[in-house]
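Taken together, the values in this text are just the output of simple stated rules run on the coordinates, not laboratory data. Given the structure is predicted, the values throughout are model-derived calculations rather than measurements. As a convention, Cβ positions derive from the backbone with ideal geometry for all residues, glycine included, and neighbour counts pool all protein chains shown.
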DNA sequence: ACCACCGCATGACAGGTGTCACGGGCGAGT
DNA sequence: ACTCGCCCGTGACACCTGTCATGCGGTGGT
């Protein structure tokens, strides 16, 4: 009695409570079924293969291995390893750079966690049908925000600068001369229009540039 | 036909998706009913009065008014205005200081968002029965972490220092002399065992001291 | 009255930071 | 070949920061 075709869903979120709650929400829909749940980015591919999931809901902020550190990396790995599975990013932060990087990594959809709950099921169905799902407001911001002006090195030093460590320690961690680090920081401060490295690092993070 | 007494629940979380998902999860339980949902800390009291909620699930990280800026403040307001309602904090961050402040504000329970989903309903029942619900691991950390060593001014200055603004702007925002700000920062750096104000601010935040 | 403490402030000093000028090397596009 | 941008480094300068000593007024305890 194959009454209705059911969409098989994988849930990836590091917060067990949220994971369970989303499962409850989605299982209310008769045409949706949660077939796998994981709490780490590096567990996604194996669970997707094992469960035959068709749509994967991936949180971006998730712990993982150095190779697959977050949900975006999981989406990229998934696109390579399990092309039949389509990724729908579900994230707290509507950072334009997140959206861009997620789509570049092969994600099919992107919703933020303050979208109304009923829309999630619909987003899952659209993604399963082969459509792209993107928050229109966020898409606008992403285009208006412009591209990432930072070079790879600038981004690297800013990532370390995020927690306010002194230049000497940054230089140590990225294996560069302290003077070079200061040059990169100065350049990044100029590009971001800020006045300290911590401000520059925070702005770059909020834009999704690092 | 009053078959079973039903516990009336208010849900407060700024992320609509999480709110809806938690509602779905709790409504699976026959003895629980979500009777109100809000997305801001300063809407909690009014919604609790209107709905007659008995247990209020409050996220800590929630936008609000200056008087009721977050979930902890909402719990305090609730304890005064609606003593019949009991508060159960549900938060992402298991910061010891959060726990302490939440309990001081009259919350009856405290669970983090990565507790297993089935335990939430049980926590709600316990809180409704008049018991305290506290993550035992977190309770240990809270005791081990010790009390807040910062003075009020030090905490105030650190709050502004969190985003890496220069001393002049901090002084401006807290209405103090730049020299005084530097003294407080130096003192806070000493107390936290760090070496820059940003590190001190981040540590203080993670400990729940600010 | 006295002392201890706290909040707030100033001044001075060493060291860290942001900016600039300048250098060399390397790959990509023209 | 040439230019351009990025990478990496040095050196110098003004300014900001972190630390310390010192001071003054207020508050609370004895």
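Of the residues in the range A:189-210, how many are assigned to a helix (DSSP H, G or I) and away from chain B (no Cβ under 13 Å)?
So the answer is 2.
Which ones in the range A:174-188 are assigned to a helix (DSSP H, G or I) and out of contact with any helix residue (DSSP H, G or I) (no Cβ under 9 Å at 6 or more places or on another chain)?
Correct list: A:183 only.
Considering the range B:1-23 alone, what residues qualify as being more than 19 Å from the chain's Cα centre (by Cα) and outside any strand (DSSP E or B)?
B:1, B:2, B:3, B:4, B:5, B:6, B:17, B:20, B:21, B:23, listed by residue number.
Which one of these does residue B:185 not meet: (1) away from every other protein chain (no Cβ under 14 Å); (2) within 10 Å of DNA strand D (Cβ to nearest atom)?
So residue B:185 meets the others, but not (1).
State all residues of the range B:102-129 that are more than 15 Å from residue B:57 (Cα to Cα) and in contact (Cβ under 8 Å) with a residue 12 or more places away in the chain; if no residue qualifies, say none.
Those that are more than 15 Å from residue B:57 (Cα to Cα) and in contact (Cβ under 8 Å) with a residue 12 or more places away in the chain: none in the range B:102-129.
Of all the residues that make up the range B:34-43, how many are away from chain A (no Cβ under 14 Å) and either more than 21 Å from residue B:126 (Cβ to Cβ) or assigned to a loop (DSSP other than H, G, I, E, B) (or both)?
3
Within the range A:133-178, can you find the residues that are under 19 Å from residue A:94 (Cα atoms) and surrounded by fewer than 14 Cβ atoms within 10 Å (Cβ to Cβ)?
Answer for the range A:133-178, where residues must be under 19 Å from residue A:94 (Cα atoms) and surrounded by fewer than 14 Cβ atoms within 10 Å (Cβ to Cβ): A:136, A:137, A:140, A:143, A:144, A:146, A:147.
Which residues, counting only those in the range A:138-182, are within 14 Å of chain B (Cβ to nearest Cβ) and either within 10 Å of DNA strand D (Cβ to nearest atom) or farther than 21 Å from residue A:198 by Cα (or both)?
A:164, A:166, listed by residue number.
Would you mind finding the one in A:81, A:46 that is more than 19 Å from residue B:17 (Cβ to Cβ) and without any contact (Cβ under 8 Å) to a residue 24 or more places away in the chain?
A:46
Looking at (1) within 14 Å of another protein chain (Cβ to nearest Cβ); (2) more than 19 Å from residue B:27 (Cβ to Cβ), can you tell me which one residue B:111 breaks?
(2)
With the condition kept exactly as written, say whether any residue in the range B:24-33 is farther than 27 Å from residue A:93 by Cα, within 14 Å of chain A (Cβ to nearest Cβ) and assigned to a strand (DSSP E or B).
Looking for residues that are farther than 27 Å from residue A:93 by Cα, within 14 Å of chain A (Cβ to nearest Cβ) and assigned to a strand (DSSP E or B), one finds at least one in the range B:24-33, hence yes.
Answer yes if at least one residue in the range A:191-206 is more than 10 Å from DNA strand D (Cβ to nearest atom), at positive phi and either surrounded by fewer than 17 Cβ atoms within 10 Å (Cβ to Cβ) or over 22 Å from the mean Cα position of the chain (by Cα) (or both), and no otherwise.
Yes, because at least one residue in the range A:191-206 is more than 10 Å from DNA strand D (Cβ to nearest atom), at positive phi and either surrounded by fewer than 17 Cβ atoms within 10 Å (Cβ to Cβ) or over 22 Å from the mean Cα position of the chain (by Cα) (or both).
Looking at the range B:88-101, I want the residues that are within 14 Å of chain A (Cβ to nearest Cβ) and have a partner that is in a helix (DSSP H, G or I) with Cβ atoms under 7 Å, at least 6 apart or on another chain. Which pairs are those?
As it stands, the answer is B:88/B:123; B:88/B:124; B:88/B:127; B:89/B:71; B:89/B:75; B:89/B:102; B:91/B:98; B:94/B:138, since those pairs meet every condition given.
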